[in-house]
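Structure, as structure tokens:
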Amino acid sequence: MELRRGFEEGQSLKQRLAEEGESLRKKAQNTSPGLEREQMISQARQAEIGSKISEWLNSPGVRSGK
């Protein structure tokens, strides 16, 4: 069986998603209204929601059912 090589992320998933959302929103502001802009805004929203979900799942109140 082949072994997987592991690597460490420099930032948490929450941070990466939040930065991606922020970046997409900035790009969307500089894009003329239309389908491309709406897609960027939608992707930014998804990244921001993913960041909040990641934060929620890693919060101390959420524990696995043992």
Range in the chain, longest, excluding exposed GluC sites (Glu not before Pro) [loop by DSSP; at most 11 other beta-carbon atoms within 10 Å]: 10-66
Loop sites in the range 1-42: trypsin sites (Lys or Arg not before Pro), DSSP, at most 13 other Cβ within 10 Å: R4, R5
Those residues of the range 15-51 whose amide nitrogen sits under 18 Å from the label point placed on S59, 7 Å along Cα→Cβ: 15, 18, 48-51
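Over the chain, what is the mean sequence separation of C-alpha contacts under 8 Å (at least six apart), divided by residue count, expressed as relative contact order in percent? List each step's numbers first, then the result.
On the way: 41 pairs, mean separation 24.4, N = 66.
After rounding, I find 37 percent.
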Nearest-ten-degree value, helix 13-29 long axis tilted from longest Cα axis of the chain: 0
Crossing angle, helix 35-57 versus the chain [Cα axis fit, 0-90 degrees, rounded to tens]: 30
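All of the numbers you see were taken from the coordinates with simple rules; none came from a lab. Model, not experiment: these values are computed from the prediction. Heads up, the Cβs are rebuilt from the backbone with ideal geometry, glycines too, and the neighbour counts pull from every protein chain shown.
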